[in-house]
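S.K.: Right, I'll just put the structure down here and ask away after.
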Amino acid sequence: MADVRVICAIGRSGQLGLDGGMPWEGRPERAFVEDVERFFEITRGHVLIAGPKTVASFPDFAHDERTIVAIRSNEVPEEVLSRFAGRVVYIGGGPSVWTAYAKFVRHWDINTLPYDGEADTWFDPAWLLAGGSARRS
């Protein structure tokens, strides 16, 4: 079986998304820039699976440094993960993907950003209870 993990960022109140993107996307403050750098550093050399919209949002360099796979809602998570036995697999967001894969996640790496503004999508603590452990930074 794959070593299944999630690395994500949330706002101070659990905000995840706004209008299909991250509410802090493009903000130049150090905490936000470092979060993006950290994501790409930690996932380097590993498998990253996500929905087609998330995969399309990754810059070109990301495809050179990790195996990126677009998944569809009709795919069975066990079958997808079985293709990467023995590998570290990061599950990219958002909520529908995490809901489908949460029971397989061994480790959640959640970075809380200094954002406390508007959102229409929130982190669901039930995802943490479905599988492994959480580490907040």
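S.K.: Could you give the size of the charge dipole of the chain about its Cα centre, using +1 on the Cβ of each K and R and -1 on the Cβ of each D and E, expressed in debye and rounded to the nearest 20?
M.R.: The calculated dipole for the chain is roughly 460 debye.
S.K.: Hey, another quick one. Using DSSP, restrict attention to beta bridges with both residues in the chain and report what percent are antiparallel, rounded to the nearest 5.
M.R.: The antiparallel fraction comes to roughly 15 percent.
S.K.: Taking the highest mean first, how do the peptides 98-108, 32-42, 52-62 order by number of other beta carbon atoms within 10 angstrom per residue?
M.R.: The packing order, highest mean first, is 98-108, 32-42, 52-62.
S.K.: Among 15, 26, 85, pick out the residue whose Cα is farthest towards the positive end of the charge dipole of region 3-136, where Lys and Arg carry +1 and Asp and Glu carry -1 on C-beta, about the Cα centre.
M.R.: So the residue furthest toward the plus end is 85.
S.K.: For region 66-113 and region 18-38, what is the separation of their Cα centres, given in Å?
M.R.: Rounded to whole Å, the Cα centres lie 21 Å apart.
S.K.: Please compute the net charge surrounding residue 19, taking Lys and Arg as +1 and Asp and Glu as -1 over other residues with Cβ under 11 Å from its Cβ.
M.R.: Its environment carries a net charge of -3.
Here, each number is a calculation from the coordinates, and none is a lab measurement. Here the structure is a predicted model, which means the values were calculated and not measured. Neighbour counts run over all protein chains shown; Cβ positions are idealised from the backbone, glycine included.
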